[in-house]
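First up is the structure itself, then whatever we jot down about it.
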Amino acid sequence: MKFENGYNRIVGEQQTGFDFGVRVMKAGDVHREKTAKETFILLLSGSVEVVFNDKKFNISRKNVFEDSGKAFLFPSGIEYEITAKGDAELTEIRVENENKFEPRFFENVQGARFGKPRSVYERIVTTYVDYEKVKESKLVVGEVLHPDPFRTVWSSYPPHSHEHIEVYFYKFMPEQGFGFSEAGGGTDGRKPKKVVNNDFVIIPGNACHSQVSAPGYKMWYLWIMKHLPNNPWTRASVRFDEKHKWVMEI
């Protein structure tokens, strides 16, 4: 999937409860907005200047594989401006939320390793926003990296489910890389989907899911959820498939 300059919508509120897309900017492009919804912006690559509330941030990221993420979380009613200092790509997520909170800037967020070292489900998970970090937010947003291209690595593993709809958005290095994503565990007729660079999947609530990257390629993906009414997503929301839970003990 190739994106055009400007905003490229990927999923809408009717599908998932939130809007998600990718903004492509060329050097000198400017985007101004007053947020009508809670808004999360993550820099994927490039260099930009972000201004809001008389604060100015100059941030850059080589790519999602070799550099840590920089992100912003805004409540509704915030005026901000993004100026591209070079070619840049950002993700934008918007969700209805009347809660008020202070805007946040995230950088140098430490990723956590899941899975035993050198195991086939070792991955690095970076969480920007969840119920524990920002209780006023309606979003859960993070990124996952499969760092070793010379091993077939699984993630979202062991297979698990939760009540919340989830979206995965993928990047591969080199770009011709691919992987496979499955949701439903084969019990509801859904087949695994081949995923490629800039691809995405929507995982229905309560669908058991997991995925794998092809040997020779690094895989990165953004994961996004919206809290349900009176049911925020937390680590306790995850239900592992009992048939495969044993691998966590080896």
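The values are calculated or read from the model by the stated rules, or taken from the named source; none is laboratory data. Since this is a predicted model, take the numbers as computed values, not measurements. Ideal geometry is used to build each Cβ from the backbone, glycine not excepted, and the neighbour counts take in all protein chains shown.
So that you can scan it fast, the table gives a plain yes or no per residue for (1) in a loop (DSSP other than H, G, I, E, B); (2) among the aliphatic types (A, V, I, L, M); (3) exposed (fewer than 14 other Cβ atoms within 10 Å of the Cβ):
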{"position": "Phe169", "(1), (2), (3)": "no, no, no"}
{"position": "Lys194", "(1), (2), (3)": "no, no, yes"}
{"position": "Ile202", "(1), (2), (3)": "no, yes, no"}
{"position": "Met225", "(1), (2), (3)": "no, yes, no"}
{"position": "Glu242", "(1), (2), (3)": "yes, no, yes"}
{"position": "Trp246", "(1), (2), (3)": "no, no, yes"}
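Going through region 28-56 one residue at a time, which ones are of a type in the set (A, V, I, L, M) and either within 22 Å of the chain's Cα centre (by Cα) or modelled with pLDDT under 95 (or both)?
Ala36, Ile41, Leu42, Leu43, Leu44, Val48, Val50
Looking only at region 144-172, filter to residues that are under 11 Å from the mean Cα position of the chain (by Cα) and over 19 Å from Ala183 (Cβ atoms); which one of those is modelled with the lowest pLDDT?
Leu145
Is it the case that some residue within region 42-57 is in a loop (DSSP other than H, G, I, E, B), in contact with a strand residue (DSSP E or B) (Cβ under 6 Å, 6 or more places away or on another chain) and either in contact (Cβ under 8 Å) with a residue 24 or more places away in the chain or not basic (Lys, Arg) (or both)?
Taking every residue of region 42-57 in turn, none turns out to be in a loop (DSSP other than H, G, I, E, B), in contact with a strand residue (DSSP E or B) (Cβ under 6 Å, 6 or more places away or on another chain) and either in contact (Cβ under 8 Å) with a residue 24 or more places away in the chain or not basic (Lys, Arg) (or both).
How many residues are more than 19 Å from Gly21 (Cα to Cα), in a strand (DSSP E or B) and among the hydroxyl-bearing types (Ser, Thr, Tyr) if we restrict to region 204-223?
Total meeting the criteria: 2.
Among the residues that make up region 186-193, is at least one of them of a type in the set (Ser, Thr, Tyr), out of contact with any Leu (no Cβ under 7 Å at 6 or more places or on another chain), without any contact (Cβ under 8 Å) to a residue 24 or more places away in the chain and on the phi < 0 side of the Ramachandran plot?
Among the residues of region 186-193, at least one is of a type in the set (Ser, Thr, Tyr), out of contact with any Leu (no Cβ under 7 Å at 6 or more places or on another chain), without any contact (Cβ under 8 Å) to a residue 24 or more places away in the chain and on the phi < 0 side of the Ramachandran plot, which makes the answer yes.
Check whether at least one residue in region 37-59 is closer than 21 Å to Asn108 by Cα, of a type in the set (Ser, Thr, Tyr), surrounded by fewer than 16 Cβ atoms within 10 Å (Cβ to Cβ) and in contact with a Lys or Arg (Cβ under 8 Å, 6 or more places away or on another chain), and report yes or no.
The answer is no, given that none of the residues of region 37-59 is closer than 21 Å to Asn108 by Cα, of a type in the set (Ser, Thr, Tyr), surrounded by fewer than 16 Cβ atoms within 10 Å (Cβ to Cβ) and in contact with a Lys or Arg (Cβ under 8 Å, 6 or more places away or on another chain).
Exactly one condition in (1) in contact with a helix residue (DSSP H, G or I) (Cβ under 7 Å, 6 or more places away or on another chain); (2) exposed (fewer than 14 other Cβ atoms within 10 Å of the Cβ) is not met by Asp19; state its number.
(2)
Which numbered condition in (1) without any contact (Cβ under 8 Å) to a residue 24 or more places away in the chain; (2) closer than 30 Å to Asn97 by Cα is the only one that Gly205 fails?
With (1) without any contact (Cβ under 8 Å) to a residue 24 or more places away in the chain; (2) closer than 30 Å to Asn97 by Cα applied to Gly205, the lone miss is (1).
Among what's in region 227-240 and is of a type outside the set (D, E, K, R) and surrounded by fewer than 17 Cβ atoms within 10 Å (Cβ to Cβ), pick the residue that is farthest from Gly179 (Cα to Cα).
Asn230
Here are the criteria: (1) at pLDDT below 95; (2) on the phi < 0 side of the Ramachandran plot; (3) over 20 Å from the mean Cα position of the chain (by Cα). Tell me which single one Asn231 does not satisfy.
Here Asn231 meets the rest and fails (1).
What number goes with the only condition from (1) under 22 Å from Tyr168 (Cβ atoms); (2) more than 14 Å from the chain's Cα centre (by Cα); (3) crowded, with 21+ Cβ neighbours inside 10 Å; (4) not aromatic (Phe, Trp, Tyr) that Asp67 does not pass?
With respect to (1) under 22 Å from Tyr168 (Cβ atoms); (2) more than 14 Å from the chain's Cα centre (by Cα); (3) crowded, with 21+ Cβ neighbours inside 10 Å; (4) not aromatic (Phe, Trp, Tyr), Asp67 is out only on (3).
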